[in-house]
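A quick write-up on the structure given underneath.
Throughout, read-outs are computed from the coordinates displayed, never taken from laboratory work. Everything numeric here is computed off the predicted structure, so don't read it as measured data.
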Amino acid sequence: MNERVIEILEDIRPDVDFEAENKLIDDDILDSFDIIAIVQEFNEEYDININPDDLEAENFNDVKSMVKLIHKLQEEDF
């Protein structure tokens, strides 16, 4: 799943090294428009629903956190 998440992120922001960055929100690498695009792509790709409550920096600071969020939301659907 990590690889697909990185592909999605690179489609949105090809200028960012998502494998190396771990403070995407804290360091203002991603802005609100990027997050909206990421949320839309994740919702479609993984058949999940990222709610406003999930839009916290800790969920989007790095790929590992995003994958963890996706897994959590997929498990809630079952």
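Just a few scattered comments:
- Table column - 3J(HN,Hα) (Hz), segment 62-69, Karplus curve with 6.51, -1.76, 1.60, x for Gly and Pro: 7, 4, 4, 5, 5, 5, 4, 5
- Calculated [222 nm] ellipticity per residue, helices only, for the chain: -17000 deg cm²/dmol; basis is -39500 (n - 2.57) per DSSP H run with n ≥ 4, divided by all residues, nearest 500.
- Choice from A57, A37, A20 showing the highest fluctuation, given a GNM over the chain with Cα pairs closer than 10 Å: A20
- Computed from backbone phi with θ = phi - 60° and the Karplus coefficients 6.51, -1.76 and 1.60, the 3J(HN,Hα) list for segment 23-32 is 9, 4, 8, 4, 9, 6, 6, 9, 9, 4 Hz; x is used for glycine and proline.
- Treating each Cα of the chain as an identical point scatterer and summing with the Debye formula, the log10 of I(q)/I(0) at q = 0.19 Å⁻¹ comes to -0.73.
- Selected from I12, I25, I36 as most flexible by GNM, with the chain as the system and alpha-carbon contacts under 10 Å: I36
- Extension gain (nm, one decimal) between D27 and D15, 0.36 nm per residue minus Cα-Cα: 2.8 nm
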